[in-house]
Structure formats: structure tokens, C-alpha cells
Amino acid sequence: MAINCELHMPTKNLTILVAKGIVSPVDPQRSPPKYHGRSIPPGYGSVAIDMGLALDFPRGDDETTLGEIEHEIVLWRKRYIMRSVVQATIFVS
């Protein structure tokens with residue numbers, strides 16, 4: 001089950017939103033998750049980017065911003081992956 005998420009980066013004593021994406025929980029029954037053929041480092045998760053600004057973990061493909069890799073997978077520190085809250089607008093007439 002994929003979950004909408006926000007990716008944040010720390011700055012001083014707070015975090016700022018830098019991207020939105022989709023994270024899929026890891027199945028602990030399967031082998032360790034991989035990213036470009038390598039094991040995902042401890043403390044990181046893989047996220048499919050919908051829109052964004054700056055990379056946290058370099059991909060090695062000369063991309064430097066999340067905007068350059070929309071609709072692809074990146075690694076992000078788990079502590080800065082936040083579940084998105086979907087806002088609904090209600091129109092009353």
C-alpha cells in the first residue's frame with residue numbers, strides 16, 4: 001500500500017518541506033530493499049518523487065535537484081519523511 005508523503009530537510013531547529021512523493025512500506029519478509037543494486041543504508045527509505053527541490057542523497061546521475069528527477073525513486077532520511085495530510089475543500093451554497 002503506497003502512502004502519500006512529504007520530504008523535509010532540517011534547517012536550524014526546524015524542518016522545511018522540499019518535496020512531495022509516495023513511499024511504499026518495506027515488507028520485512030522479503031530480502032533487504034535495494035536501490036540501484038545496493039542495499040538501502042540504515043535510516044533511509046526510498047520515495048517516488050512527485051515534485052521537489054533539492055536532493056538529500058546523491059543518485060550519481062548528475063541530478064542535483066528533486067525537480068530534475070520527478071516520477072523517479074530517491075533515498076531520503078526516514079526521520080524526514082512525513083505522512084501527507086490530504087485536505088478536502090467543502091463548498092457550501
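The values are calculated or read from the model by the stated rules, or taken from the named source; none is laboratory data. All figures in this text were calculated on a predicted structure; none of them were measured in a lab. We place every Cβ from the backbone using ideal geometry, glycine too, and count neighbours over all the protein chains shown.
For the range 19-52, a tally of residues being surrounded by 12 or more Cβ atoms within 10 Å (Cβ to Cβ), touching a helix residue (DSSP H, G or I) at 6+ places or on another chain (Cβ under 7 Å) and under 15 Å from residue 78 (Cβ atoms) returns 3.
So that you can scan it fast, the table gives a plain yes or no per residue for (1) closer than 16 Å to residue 6 by Cβ; (2) at pLDDT below 80:
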{"residue": "49", "(1), (2)": "yes, no"}
{"residue": "52", "(1), (2)": "yes, yes"}
{"residue": "63", "(1), (2)": "no, yes"}
{"residue": "70", "(1), (2)": "yes, yes"}
{"residue": "76", "(1), (2)": "yes, no"}
